[in-house]
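Report on the following structure.
The values are calculated or read from the model by the stated rules, or taken from the named source; none is laboratory data. Note that the structure is a prediction, hence the values are computed from the model and not measured. Every residue, glycine among them, receives a Cβ derived from its backbone with ideal geometry; neighbour counts consider all protein chains shown.
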Amino acid sequence: MAAFTIRPATESDIPDLARLIVELYHAEVPGALSGARSGQERLIAYTLRANGAAALAHRYVVCDSQQRVIGTGMVQFADAPVFERAPRGTLVAALREIGIGPTLKLVAVVARTLFGVYRHADPQSALIHSVVVDPAARGQGAGFALMMALEAAIRQYGLPRARLQVLASNTGAQRLYRRLGYREIWRLTGWRARLGWPSLVMEKEVADAEGAVIGYSQQSVASPRQP
């Protein structure tokens, strides 16, 4: 396994975070973002900055041996501020950065996703989300290392379980999560699945997991404050 460094995301990482999150949109919700790629990244960067501290709280980045950011992921704790994917001003920013047509398309896709939103309310678990690795860096263990670090953050917070939501069509991610010990506990069905994006929620017990990953450095992973 290649050597990676996992660390908390900082404001200076926002351009890299925006680039990676655009990749995530294209992989998981094809067609949601369109228009110039540079405009898409500026739009996502706007949403990150508009969230303030909530955009970076419990968000981590994985860096390669040259300290280039090649992946990111985030943990949502029940008692922490919620990261808003469309904070105030997003519509205006979208019109400015990607234009009218792509903005209308984005609004339609976002409206469809509302039918499949999983409401995480379990106080004994945390929700892992926005996990993505640069396509050029996949297959080298970066995603595995990042997931181990995110689970370690949940464990350090004092919670016994990790949850995540994944699109039903994203079978590659599901295979990775199952190899890591996740099991399906919820699936979007019925009319909401037909109108929205079919998805499922997976869960893993992390309280007794070792969380040790050979081949990456976690010295700079900050321990979250205990609740």
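Points worth noting:
- Count of the range 26-36 residues, restricted to those that are touching a strand residue (DSSP E or B) at 6+ places or on another chain (Cβ under 9 Å) and part of a helix (DSSP H, G or I), is 2.
- Residue, farthest from Leu188 (Cα to Cα), within the range 125-170, restricted to residues that are touching an Asp or Glu at 6+ places or on another chain (Cβ under 9 Å) and β-branched (Val, Ile, Thr): Val133
- Among the residues of the range 66-116, those that are free of Cβ contacts under 8 Å to residues at least 12 places away in the same chain and either aliphatic (A, V, I, L, M) or part of a helix (DSSP H, G or I) (or both) comprise Val92, Leu95, Arg96, Ile100, Leu104, Ala108, Ala111.
- Residues being of a type outside the set (Val, Ile, Thr), in contact with a helix residue (DSSP H, G or I) (Cβ under 9 Å, 6 or more places away or on another chain) and without any contact (Cβ under 8 Å) to a residue 60 or more places away in the chain - total across the range 51-62: 2
- Just one of the listed residues (Ser130, Ser125) is of a type in the set (S, T, N, Q) and either closer than 19 Å to Gly196 by Cα or out of contact with any Leu (no Cβ under 9 Å at 6 or more places or on another chain) (or both), and it is Ser130.
- Taken together, the criteria exclude Ser12 from residues that are within 19 Å of Arg96 (Cβ to Cβ) and of a type in the set (Ser, Thr, Tyr).
- Qualifying residue in the range 96-107 (condition: surrounded by 18 or more Cβ atoms within 10 Å (Cβ to Cβ), acidic (Asp, Glu) and in contact with a helix residue (DSSP H, G or I) (Cβ under 8 Å, 6 or more places away or on another chain)): yes
- Candidates Ala152, Ala136 - the one that is small (Gly, Ala, Ser) and either buried (at least 21 other Cβ atoms within 10 Å of the Cβ) or under 22 Å from Ala57 (Cβ atoms) (or both): Ala152
- Unmet criterion (only one of (1) out of contact with any Ser or Thr (no Cβ under 9 Å at 6 or more places or on another chain); (2) in a loop (DSSP other than H, G, I, E, B); (3) of a type outside the set (Asp, Glu)) for Gly39: (2)
- When the range 171-218 is limited to residues that are touching a Ser or Thr at 6+ places or on another chain (Cβ under 8 Å) and either more than 17 Å from Met147 (Cβ to Cβ) or among the basic types (Lys, Arg) (or both), the one that is modelled with the lowest pLDDT turns out to be Gly196.
- Residues that are crowded, with 17+ Cβ neighbours inside 10 Å and assigned to a loop (DSSP other than H, G, I, E, B), drawn from the range 47-65: Asn51, Leu56, Ala57, His58, Asp64
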